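One structure below.
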Amino acid sequence: MRKLFTIDLKDYNPNGKIFCRPSVRGIIIDNDGKIAMIYSQKYHFYKFPGGGIEGDETHLETLAREIKEETGMTLIPDTAKEFGQVERRQRFDETDDQTIFIQQNYYYTCQVEKEIGDQNLDDKEKEADFVLKFVPVEEAIRVNAAFKGNNLMKKQMAERERRVLEIIKKTLS
């Protein structure tokens, strides 16, 4: 998969232990050109539907599971196409600069069935008050560019997603 970009904050001890978290994310664009995004009503940023690979799941299995959980929609598996990969490196959190958090994010364009069911969010997603929204790409870019949260992981997530949205915007023009 082509590398879109790398975010490396270099805010960690380079000799620290490494914690890897590979993830898969779906790029779903409807017939009106709006993009399906997960919006945090609590923190006010957008993210692509997706999340961490569990056990020996394939990318496609993770993509289908995460889209179903976060959006209530069902992936049409044979529509999933590689879009690009983003690597993020930073300290694990504000209190731990001895652990390097490395997240490989694999983005796929895909289509979903028309019916939208219920979300099945985990506790952190419920706490963030995640909801599915179909928005113009420019709207998601604007909201994420304005994100001012003080949580390092959320700030980097909003920035990562904004940069991917900018690339999508260019491919749609």
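The values are calculated or read from the model by the stated rules, or taken from the named source; none is laboratory data. Just so it is clear, the structure is predicted and the values come from calculations on it, not from any experiment. Cβ atoms come from the backbone with ideal geometry, glycine included; neighbour counts cover every protein chain shown.
Overview of values
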item: Residue selected from segment 126-158 under the condition farther than 25 Å from Gly72 by Cα and of a type in the set (D, E, K, R), by the criterion farthest from the chain's Cα centre (by Cα); result: Lys148
item: Number of the condition not met by Gln90 [criteria: (1) assigned to a strand (DSSP E or B); (2) out of contact with any Leu (no Cβ under 6 Å at 6 or more places or on another chain); (3) at pLDDT below 95; (4) not basic (Lys, Arg)]; result: (2)
item: Inter-residue pairs, beta-carbon under 6 Å, first touching a residue at least 60 places away in the same chain (Cβ under 8 Å) and in segment 145-163, second buried (at least 18 other Cβ atoms within 10 Å of the Cβ) and of a type in the set (A, V, I, L, M), 6+ apart; result: Phe147/Ala158; Arg160/Val86
item: Test result for Val112, surrounded by 16 or more Cβ atoms within 10 Å (Cβ to Cβ), among the β-branched types (Val, Ile, Thr) and farther than 21 Å from Lys3 by Cα; result: yes
item: Which numbered condition Arg88 misses (of (1) within 30 Å of Lys10 (Cβ to Cβ); (2) of a type outside the set (A, V, I, L, M, F, W, C); (3) in contact with a Gly (Cβ under 7 Å, 6 or more places away or on another chain)); result: (3)
item: Residues satisfying the stated conditions in segment 97-109, i.e. under 21 Å from Arg163 (Cβ atoms) and surrounded by fewer than 18 Cβ atoms within 10 Å (Cβ to Cβ); result: Ile102, Gln104, Thr109
item: When residues of segment 63-96 are limited to those that are more than 16 Å from Cys20 (Cα to Cα) and of a type in the set (S, T, N, Q), the one surrounded by the fewest Cβ atoms within 10 Å (Cβ to Cβ); result: Thr95
item: Residue match in segment 53-60 (condition: surrounded by 12 or more Cβ atoms within 10 Å (Cβ to Cβ), in contact with a Ser or Thr (Cβ under 9 Å, 6 or more places away or on another chain) and either closer than 24 Å to Glu166 by Cβ or in contact (Cβ under 8 Å) with a residue 12 or more places away in the chain (or both)); result: yes
item: Count - residues of segment 128-166 that are small (Gly, Ala, Ser) and more than 24 Å from Ile116 (Cβ to Cβ); result: 4
item: Considering residues of segment 5-41 that are exposed (fewer than 12 other Cβ atoms within 10 Å of the Cβ) and in contact with an Asp or Glu (Cβ under 7 Å, 6 or more places away or on another chain) only, the residue nearest to Met153 (Cα to Cα); result: Thr6
item: Qualifying residue in segment 137-148 (condition: among the acidic types (Asp, Glu) and either more than 16 Å from Arg91 (Cβ to Cβ) or in contact with a Lys or Arg (Cβ under 8 Å, 6 or more places away or on another chain) (or both)); result: yes
item: Residue match in segment 69-82 (condition: without any contact (Cβ under 8 Å) to a residue 40 or more places away in the chain, assigned to a helix (DSSP H, G or I) and not acidic (Asp, Glu)); result: yes
